[in-house]
Amino acid sequence: VSQVETAALRFSASRLKKYMACPLQAYFRYVEHRPEQQNAAAVFGTVVHKALQVFNDTSSYTQAVETFRRLWNDPEEIGLHIDFWPRYTNYQSYLEKGLEVLERFRDSVKWDQRQVIATEHAFLVPFGEYELTGIVDLTELRRSGNGKRLLRVVDYKSGQTPNQMALREDIQFHIYVYAVDQPEFWVGNGPDFPGLPDGERLFEELRDVPRRAIWWQLTPPKEIDAGPRDEEHYLRLYRVCQQVERAHRHEVFIPRLGEACQFCSYTQECGVPFVQHEKPAEDPNRWI
Ligand code: SF4
């Protein structure tokens, strides 16, 4: 099996999402491995992820806020730097947004009985002749007022709020909810994808608990139920994998001019006029 064939058979959730947005962009990123420019929105999203992980792991809101302030002040600490700022944004505006996200998140879990099963859990699961990988931001068990249990697969999102159709067909959630049903998610799959502590027991204990995909919007902060997933979703996911594999085999990556170009790192290679990228904003409050 050649390197390209191996790459075509293992799909990460983010790679498939990029194909859906623009196949040529995915080609530059995953086949040519060209570096991506980092915009402030993406760095902000990663920093908020880290702070929420601290909150979910420790239940300490204070520690989460401290983590957010520290990393947003110096994202180099986790190997990130900002190449450009989206229009009308600056350091202070993101600082305020981040603190609001943490406050809303804390309030949203205040009254609920919940058990954090895993945070930032990386998985590799088989899917027919393919393999699916991804990192689930939060897997948690909640108990509703009538005592029923629900296994929630939560993903933090920093883009625009999607419409209902986009939510129901979000391919990342197809993958995550499918993965949760596989034993490999719980017991692990090789040294790069370790299992959860007591994963075998958890898999058995929770296999019949209904699953739910949760889109946790970071800006403006709110939770949106993206619904359940079933066989039909997985069939569509399978078809996507097949088509991406075919694109690799035939080396056909059609550019999808449109919305994705605004946030694309490869406008120069592609020949699309420069749209959104700006120099870092001058902000006197940058280091406070
Ligand atoms: S500039 Fe637009 S069409 Fe070209 S690779 Fe990027 S997203 Fe695709």
message: Given all pairs of different Cα atoms, what value in angstroms does the Kirkwood hydrodynamic radius of the range 142-183 take?
response: 12.3 Å
- prompt: Mind listing the Cα extents of the range 18-81 along all three principal axes, in Å, largest one first?
  reply: 43, 22, 16
statement: CD proxy, 222 nm, the chain: helix-only mean residue ellipticity via -39,500 (n - 2.57) per DSSP H run with n ≥ 4, per residue, nearest 500, stands at -12500 deg cm²/dmol
message: Applying a 10 Å radius around every beta-carbon, put 198-208, 45-55, 234-244 in order of their mean neighbour count, most first.
response: 45-55, 234-244, 198-208
task: Between the alpha-carbon centers of the range 175-196 and the range 7-41, tell me the distance in whole angstrom.
output: 22 Å
statement: So, for the Cα atoms of the range 142-233, Rg and Dmax in Å stand at 14.4, 40
message: If you restrict to DSSP beta bridges whose two residues both lie in the chain, what percentage is antiparallel, to the nearest 5?
response: 70 percent
- request: Could you work out the mean projected area of the convex hull around the alpha carbons of the range 43-191, in square nanometres to one decimal?
  value: 11.5 nm²
query: Shape call for the range 108-196 from the C-alpha gyration tensor, a ≥ b ≥ c root eigenvalues: rounded (a/c under 1.5), prolate (a/b greater than b/c) or oblate?
result: oblate
field: Given charges at Cβ of Lys, Arg, Asp, Glu: the chain dipole, positive-most of Pro194, Leu218, Pro183
entry: Leu218
- prompt: How many times 2.2 N^0.38 Å is the alpha carbon radius of gyration of the range 30-116?
  reply: 1.22
message: Compute, for the chain, the length of the dipole vector about the Cα centre, with Cβ point charges of +1 (Lys, Arg) and -1 (Asp, Glu) only. Units Debye, rounded to 20.
response: 620 debye
query: Taking 0.36 nm per intervening residue step and subtracting the Cα-Cα distance, what contour gain separates Ser144 from Asp74 on full extension?
result: 21.3 nm
- prompt: Counting only residues 5 or more places away or on other chains, whose amide H sits under 5 Å from the amide H of Lys157 once H atoms are built in the peptide plane?
  reply: Trp216, Gln217, Leu218
field: trypsin sites (Lys or Arg not before Pro) restricted to DSSP loop in the range 64-167 with at most 15 other C-beta within 10 Å
entry: Arg87, Lys110, Lys148
- line: Per the rule of 0.36 nm per residue minus the C-alpha distance, extending Asp57 to Asp208 adds in nm 51.8 nm
query: Please state the relative contact order of the chain as a whole percent: Cα pairs under 8 Å, 6+ residues apart?
result: 24 percent
- prompt: How far apart, in nm, are two points set 7 Å out from the Cα along the Cα-to-Cβ line at Phe193 and at Glu36?
  reply: 2.0 nm
field: Projected label distance in nm at Gln115 and Arg256, using a 7 Å step from Cα toward the beta-carbon
entry: 3.9 nm
- request: At 0.36 nm per residue, minus the direct Cα-Cα distance, what do Arg104 and Val272 gain on full extension? Give it in nm, one decimal, please.
  value: 56.6 nm
task: List the residues whose amide H sits under 5 Å from the amide H of Glu131, counting only those 5 or more places along or on another chain, with H placed 1.01 Å from N in the peptide plane.
output: Arg10, Phe11
field: Gyration tensor (alpha-carbon) shape descriptor, the chain, a/c threshold 1.5
entry: oblate
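Each reported figure results from applying straightforward, stated rules to the coordinates on display, with no laboratory input. All values reported here derive from a predicted model rather than from experimental measurement. For neighbour counting, all protein chains shown are included, and Cβ atoms are generated from backbone atoms with ideal geometry for every residue, glycine included.
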